[in-house]
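One structure below.
Since every read-out is calculated from the coordinates, none of them should be taken as a lab result. Note that the structure is a prediction, hence the values are computed from the model and not measured. Heads up, the Cβs are rebuilt from the backbone with ideal geometry, glycines too, and the neighbour counts pull from every protein chain shown.
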Amino acid sequence: MVSKNTICLWYDGTALDAAEFYAKTFPDSEVRAIHRAPGDYPAGKQGGVLTVEFSVAGIPCLGLNGGPAFKHNEAFSFQIATDDQAETDRLWNAIVGNGGQESACGWCKDKWGLSWQITPRALTAAITDPDPAAAKRAFDAMMEMRNIDIAAIEAARRG
């Protein structure tokens, strides 16, 4: 059963592949149901995968195989809070290493074009430090990074 509020993500025939990747990559994620088209539609044929119900880190999603008309962009992203460098690196490398691409400040895109922010909790704490100088040093350090280096963020925070 679809949740009352579900994020619907548009794919060009690859919703099931994406959902399976997310389910194996992110904790508390799973593919819940695959729904096949009851008839032909502009982006597919009867019996093809129309939608996929899945969750990413506990967030309910619906992948819609809607065709090539719309592409993902940075206006929407998943922000995944990580607890340590190992988790940060594992998730970053899984996304980038599976046909994705690096961006700046902990952002990357998966091979389907969906944006991800792999954000260590230490980074969030550093850039919201009550000491404005410490927060700025951490923020400036982050601005130079792709995958976040927690030790470098903490060193910048300390000055």
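Determine if segment 118-141 includes at least one residue that is basic (Lys, Arg) and under 27 Å from Trp10 (Cα atoms). Within segment 118-141, none of the residues are basic (Lys, Arg) and under 27 Å from Trp10 (Cα atoms).
Taking segment 11-38, which residues are aromatic (Phe, Trp, Tyr) and farther than 24 Å from Ala81 by Cα? Scanning segment 11-38 gives a single hit, Tyr11.
Can you confirm whether segment 106-114 contains a residue that is over 27 Å from Ala15 (Cα atoms) and acidic (Asp, Glu)? Within segment 106-114, none of the residues are over 27 Å from Ala15 (Cα atoms) and acidic (Asp, Glu).
Sort out which residues of segment 24-55 are surrounded by 18 or more Cβ atoms within 10 Å (Cβ to Cβ) and aromatic (Phe, Trp, Tyr), and write them in order of number. Those that are surrounded by 18 or more Cβ atoms within 10 Å (Cβ to Cβ) and aromatic (Phe, Trp, Tyr): Phe26, Phe54.
Just one of the listed residues (Ala122, Ala104, Ala94, Ala86) is of a type in the set (Gly, Ala, Ser) and not in a helix (DSSP H, G or I), namely Ala104. Within segment 67-99, the residues that satisfy the criterion of being among the small types (Gly, Ala, Ser) and touching a helix residue (DSSP H, G or I) at 6+ places or on another chain (Cβ under 9 Å) are Ala81, Ala94. Among the criteria (1) in contact with a Lys or Arg (Cβ under 6 Å, 6 or more places away or on another chain); (2) buried (at least 20 other Cβ atoms within 10 Å of the Cβ); (3) more than 30 Å from Ala15 (Cα to Cα), the one Gly100 does not fulfil is (3).
Quick check: is even one residue across segment 71-82 assigned to a loop (DSSP other than H, G, I, E, B) and over 16 Å from Ile7 (Cα atoms)? Walk me through how you get there before you give the answer.
The first filter runs over segment 71-82 and keeps only residues assigned to a loop (DSSP other than H, G, I, E, B), leaving 71-76.
In the following step, the residues that additionally are over 16 Å from Ile7 (Cα atoms) were identified as none.
For segment 71-82, residues assigned to a loop (DSSP other than H, G, I, E, B) and over 16 Å from Ile7 (Cα atoms): absent.
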